[in-house]
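J.: Below are the structure tokens for one structure; questions will follow.
The values are calculated or read from the model by the stated rules, or taken from the named source; none is laboratory data. All figures in this text were calculated on a predicted structure; none of them were measured in a lab. Using ideal geometry, Cβ is built from the backbone for each residue, glycine included, and neighbour counts are taken over all protein chains shown.
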Amino acid sequence: MSNALIAKEVAKRRTFAIISHPDAGKTTITEKVLLHGHQIQKAGTVKGKKSGQHAKSDWMEMEQERGISVTTSVMQFPYGEALVNLLDTPGHEDFSEDTYRTLTAVDSCLMVIDGAKGVEDRTIKLMEVTRLRDTPILTFMNKLDRDIRDPLELLDEVEQVLNILCAPITWPIGSGKNFKGVYHLLRDEVILYKTGQGHRIQEVDIIKGLDNPELDQRIGVYADDLREQIELVNGASNSFDKELFLAGELTPVFFGTALGNFGVDHMLDGLVDWAPVPQPRETDDGQAVAADNAAFSGFVFKIQANMDPKHRDRVAFLRIVSGQYEKGMKMHQVRVGKDVRISDALTFLAGDRSHVEQAYPGDIIGLHNHGTIQIGDTFTGGEKFKFSGIPNFAPELFRRIRLKDPLKQKQLLKGLVQLSEEGAVQVFRPLINNDLIVGAVGVLQFDVVVHRLKSEYNVEAIYENINVATARWVSSDSERKLDEFRRKAEANLALDGGDNLTYIAPSMVNLSLAQERYPEISFSHTREH
Ligand code: GDP
């Protein structure tokens, strides 16, 4: 296929993910986004809510829930001239390293904030991850049908806490019972809100121009309030600047209610107009592969196991970087140095998994495999380079894992190493003893691992608490300094599943003391595959 044809497909695509704190409205906004993409006639069918006792639920249940959620783990839908890929980021109890890694596979992110609550801690963490690649961020202030905090104060909080400039694109008129709609600063239009239209695309009721007397007739005293506020907003806040947005330094902000399906379309318009098309991706030799490069390439950012309980099936999610996927094509798996023929990749049209004939940069395809694919794997049309920037993230939760039957130590280690290669969990072996420490980002990962160890490796394991607060991968330009560090800090050092040296800190204070004491050692909270 020629570069020009690929470039045409690339130009249409926007690949993004949603970051938010649990309950801010990610699921609801996903439903409405799909509604606007005409993927579901009636919103409200994206996925069932999980039960609160998830951590206690058994594997079958988890599997079933995953079966449901996988169909929504990548969603592709048309919007206007564009073709949008929305990558789901596991939240709530199923929060895991995959959530972080998915953010390294998109070209932009939508940040959803509960207008009554403002910036919450999960959002802060997820924003840190987007900063690794300076990913452009759009913001949706949600739940305007409830009483929210002062909008200017909300913007100020985003700017201070998340260190990103805010440029309001729409501005709310009242909130809660008095939510009247929004003023679109760029279009100079008031879009009036109607209740009871949450399940369909709203009939738009637009008043052109802030000075339009019709506005006073329609919203009464709110009209003059709005005029005053807009004057203030124009003076006090930033105007939209696409360059700053693309650099990840400024976020366009939209106000609305996902539940009432109001304002989501303004955000989608912004996404399609401003968010970047599939971006070039760096390789380990410092080159960048452009999306319209004719040769196929892509990388694996997530592996999902046991999606279909009838098969021991794992699906590797591959983000296409360049070229074109065609059914039956041969791909080169760079890490193992082998060619594989892919005849049955999955594509993810909203709501169901189907088999694709073609896919393009920015698209995600699912490759079936039985453990031969690892997170971070690069696939090409034959070339030998490897994409960078698909990291492991330092776990935040730790447990010691122990066997019920001590004779199976070898299987346990093998299972843990394989599961860590797949990204299900991370494993650490201290230098000074035979403990095995499992590290995770989300608590559900622990359950998944114990269950999979039993069903796939036939070992029964249990967890014990352990006093570890955080882990950092260590390295140094000086071999001598690293050796010295290895000797002196041995009690706090471990090897991870890939034999990389890791500092295991009992507390954050220990970590900062070590960083002070050993300035030549770098303590990294991500590690490249
Ligand atoms: P998630 O945890 O971020 O996926 O959040 P959900 O989409 O599940 O929303 C959490 C709760 O907030 C649910 O009860 C939603 O119905 C509710 N919710 C979401 N958006 C809105 C909104 O715009 N207004 C109101 N009042 N409730 C909302």
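J.: What do you reckon, is R187 of a type in the set (K, R), within 16 Å of the ligand (Cβ to nearest atom), surrounded by fewer than 19 Cβ atoms within 10 Å (Cβ to Cβ) and modelled with pLDDT of 95 or more?
T.: The answer is no for R187.
J.: Just to verify a result, which residue in segment 152-184, among those that are polar (S, T, N, Q) and touching a residue at least 24 places away in the same chain (Cβ under 8 Å), is surrounded by the fewest Cβ atoms within 10 Å (Cβ to Cβ)?
T.: Out of the qualifying residues, it is N178.
J.: Looking for something part of a loop (DSSP other than H, G, I, E, B), away from the ligand (no atom under 16 Å from the Cβ), farther than 24 Å from V74 by Cα and of a type outside the set (S, T, Y) - is there at least one such residue anywhere in segment 231-240?
T.: yes
J.: Examine segment 345-352 for a residue that is in a strand (DSSP E or B), β-branched (V, I, T) and either in contact with a His (Cβ under 6 Å, 6 or more places away or on another chain) or at pLDDT below 90 (or both), and state whether such a residue exists.
T.: The answer is yes, given that some residue of segment 345-352 is in a strand (DSSP E or B), β-branched (V, I, T) and either in contact with a His (Cβ under 6 Å, 6 or more places away or on another chain) or at pLDDT below 90 (or both).
J.: Mind checking which residues of segment 114-140 are without any contact (Cβ under 8 Å) to a residue 40 or more places away in the chain, in a helix (DSSP H, G or I) and either charged (D, E, K, R) or within 14 Å of the ligand (Cβ to nearest atom) (or both)?
T.: Those that are without any contact (Cβ under 8 Å) to a residue 40 or more places away in the chain, in a helix (DSSP H, G or I) and either charged (D, E, K, R) or within 14 Å of the ligand (Cβ to nearest atom) (or both): K125, E128.
J.: Out of E120, E157, E153, E128, which single residue is within 17 Å of the chain's Cα centre (by Cα), over 29 Å from I320 (Cβ atoms), in the same structural domain as P22 (by the TED database) and not aliphatic (A, V, I, L, M)?
T.: Unique residue meeting the criteria: E120.
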